Amino acid sequence: MLDDLGDTPDRVATALRAAGIMGVRNTVRFLNPIVRYALTKVHDARSLDLILGDRLRIVFANGSEAEVAVPEPVLRFLDAFHQGHYPDLEMPAGPA
């Protein structure tokens, strides 16, 4: 599922834009844009996270777990996103 995002960081960003996915920098759970994308694809998941860094951890509703390797272009996208390179993909801040 993550391979479908693209083969460069910019293509990953384009795919997330097309899907309407935004996120928050320096997060590894629900607010992470890759986790948010994966949540749209894995409907029987209880939780997803990127705590392991290079692997997406999925805990299914039945309690079983799986780890999915994160492709290099997606990892490079995340590095750039966390550094502030794709500001249009950042979720807006709440009311001040």
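The values are calculated or read from the model by the stated rules, or taken from the named source; none is laboratory data. Only a predicted model underlies this, so the values are computations on that prediction, with no experimental measurement involved. When we count neighbours, we look across all protein chains shown, and the Cβ atoms used for this are built from the backbone with ideal geometry, even at glycine.
The table below gives the values:
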{"read-out": "Members of segment 73-84 found to be more than 16 Å from residue 50 (Cβ to Cβ) and touching a Pro at 6+ places or on another chain (Cβ under 8 Å), listed by number", "value": "none"}
{"read-out": "Only one of 11, 25 that is in contact with an Asp or Glu (Cβ under 7 Å, 6 or more places away or on another chain) and at pLDDT 95 or above", "value": "25"}
{"read-out": "Residue selected from segment 75-96 under the condition among the hydrophobic types (A, V, I, L, M, F, W, C) and touching a residue at least 12 places away in the same chain (Cβ under 8 Å), by the criterion nearest to residue 56 (Cα to Cα)", "value": "75"}
{"read-out": "Flag if residue 91 is surrounded by 14 or more Cβ atoms within 10 Å (Cβ to Cβ) and either among the aromatic types (Phe, Trp, Tyr) or under 11 Å from the mean Cα position of the chain (by Cα) (or both)", "value": "no"}
{"read-out": "Residue that is touching a residue at least 12 places away in the same chain (Cβ under 8 Å) and at positive phi, where the choices are 26, 32", "value": "26"}
